[in-house]
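The values are calculated or read from the model by the stated rules, or taken from the named source; none is laboratory data. This structure is a prediction, so every number in the text was calculated from the model and none was measured. Glycine also receives a Cβ, built like all others from the backbone with ideal geometry; neighbour counts cover every protein chain displayed. Quick note on the areas: whole protein, heavy atoms, side chains included, nothing else; ligands and nucleic acids left out. Shrake-Rupley method; radii C 1.70, N 1.55, O 1.52, S 1.80 Å.
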Amino acid sequence: MGIYLVGVHERDWRGDDFAPPNGAGTDDPSDVHQHDEDRYDEDRYDEGRRPLAAALDAELARRGLPPYTFPAPPAKASGPPPAGRRRRRAWWPRPTGPGRRRAPAPEPGFEEKLVAGPDGFTALCAAHLTPAEHDAVWGWTVLVPLPLTEALRLPVASPHFDEAVVAGAEGARAAARRLARAVALPDEVPVAGTRLALTSWFLDGGAAELARARPGPWSRDLDAAFHIALYLRAAEYSLRHGCPITYA
């Protein structure tokens, strides 16, 4: 078991075919790589995020705002390539030895597991952020790429919360960036793009190794650094891909 922060695809936001995050519902909370489809609780994910999507659109309409929509997918190129350019053939490396298979590439998307305590993070928030900034970076249950001037409280329960608190990703990113500057968070912190990339970097020794090689304010509390990076990358991912981020 465990709590994850995940990006939500449009089919899960609008439809009823939501699948649990990779690794959610496993027996060992320390193993973020384990995944057993037979062990997650289907009731926690019934109907996807459809009630949340409907409640958000209703609240936006009440405020005279348009409904939240996902960005249109990029148009696929059609027709022959421009003169002088050839399309590259698809290629996949062959195994390097008999009976050996190439390891699958990491699955794209945003999914990180909350594996560290938040005490150091909340202390940094109190020291460097206003109460409004604290709420912007940590007081939400759903993050959306909308320019919201205040959090929206919706009467939609989830497995972890009695109501949904929807906040704008721009405000969360600004507050997280302020924390990142305060602790000099290094550029080597992974950018979200594959599942569990950030979690694995902190758990599997990447952060500790960098802290030994180049210590700084960020390395004094790696649990706090993890949370800063987590919420910064979540907001960046939401804005970059136009998708909601929520807990699961």
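Here are the numbers:
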quantity: Pairs where the first residue, in the stretch 137-165, is within 25 Å of residue 177 (Cβ to Cβ) and of a type in the set (A, V, I, L, M, F, W, C) and the second is loosely packed, with under 14 Cβ neighbours inside 10 Å and modelled with pLDDT of 95 or more, C-beta under 6 Å, 6+ apart; calculated: 165/153
quantity: Single residue of 237, 247 found to be aromatic (Phe, Trp, Tyr), under 27 Å from residue 66 (Cβ atoms) and crowded, with 19+ Cβ neighbours inside 10 Å; calculated: 237
quantity: Residue among 229, 235, 176, 208 that is assigned to a helix (DSSP H, G or I) and more than 16 Å from the chain's Cα centre (by Cα); calculated: 208
quantity: Neighbours by Cβ (under 9 Å, 6+ apart or cross-chain): first from the stretch 115-128, β-branched (Val, Ile, Thr); second open to solvent by 40 Å² or more (accessible area, probe 1.4 Å); calculated: 115/29; 115/30; 115/203; 115/223; 122/134; 122/138
quantity: Residue tally, condition under 20 Å from residue 120 (Cα atoms), part of a loop (DSSP other than H, G, I, E, B) and open to solvent by 20 Å² or more (accessible area, probe 1.4 Å), over the stretch 182-205; calculated: 3
quantity: Answer residue from the stretch 213-226, given it is part of a loop (DSSP other than H, G, I, E, B) and touching a residue at least 12 places away in the same chain (Cβ under 8 Å) and is most open to solvent (accessible area, probe 1.4 Å) among those; calculated: 214
quantity: Where a residue in the stretch 178-198 is in contact (Cβ under 8 Å) with a residue 60 or more places away in the chain and under 25 Å from residue 242 (Cβ atoms) and its partner, wherever it lies, is open to solvent by 10 Å² or more (accessible area, probe 1.4 Å) and among the aromatic types (Phe, Trp, Tyr), with Cβ under 6 Å and at least six apart; calculated: 192/237
